[in-house]
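Some notes on the structure that comes next.
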């Protein structure tokens, strides 16, 4: 075969490849066009240039009929509408515990802590809360479990400021981000209700945690930080009585 013929065949092959490539490109271009002016058309590899949207209202614990119990009650961006009561089962004790908190934030909290959309009061409910006792009864049987859960919550929500030992020397203090976090050992005169109130609505430089922890979790944290105030807290005598009184009262009633 002559060189001239070989060159002609090569050119024909190149032309065929070009035609096929142009044909495919034309088909793709036309298929991506739609009559809807609001449509972006057919997108190829959108993950390369379109960031995924955050879906705060998706229940990731239940996907396509499958339930992942490990993801239940995890912190999420979803905050219930005002004055609604979340479903917490049918256990009477737990339902009463999870009813709306009877204490209200002072009107000043609207500006100082961003508590907009809440029922406010002009009175000092923080001082009134001094007599509120922890409604979660601490016993010799449940103390270990309660403190274990309390440590888990405290480590994720509180330790970065209050420190591992509750002495106010958390990482945020050490790096100078915040200052003035108290030592729990110096706050033993605080009532259970005042500790709860401070966590629920915030106090000083600390923001409200009502949207981050439910009421049972906050009361569990109250039990845990009590250990920093009194080393004997949570210990029990041989007869099962508490070394430090942990009386509970009904906080579901209006005072």
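Enumerate the pairs (first residue in the range 206-219 and at pLDDT 90 or above; second residue anywhere and in a strand (DSSP E or B)) with beta-carbon separation below 8 Å, excluding pairs fewer than 6 apart on the same chain, so at least 6 apart or on different chains.
Partner pairs satisfying both residue conditions: none exist.
Take the residues in the range 118-128 that are surrounded by 11 or more Cβ atoms within 10 Å (Cβ to Cβ) and within 25 Å of the chain's Cα centre (by Cα); name whichever of them is nearest to residue 193 (Cα to Cα).
Only one residue fits best here, namely 126.
The values are calculated or read from the model by the stated rules, or taken from the named source; none is laboratory data. Just so it is clear, the model here is predicted, and its values are computed rather than measured. Don't worry about glycine lacking a Cβ; one is built from the backbone with ideal geometry, like all the others, and counts go over all protein chains shown.
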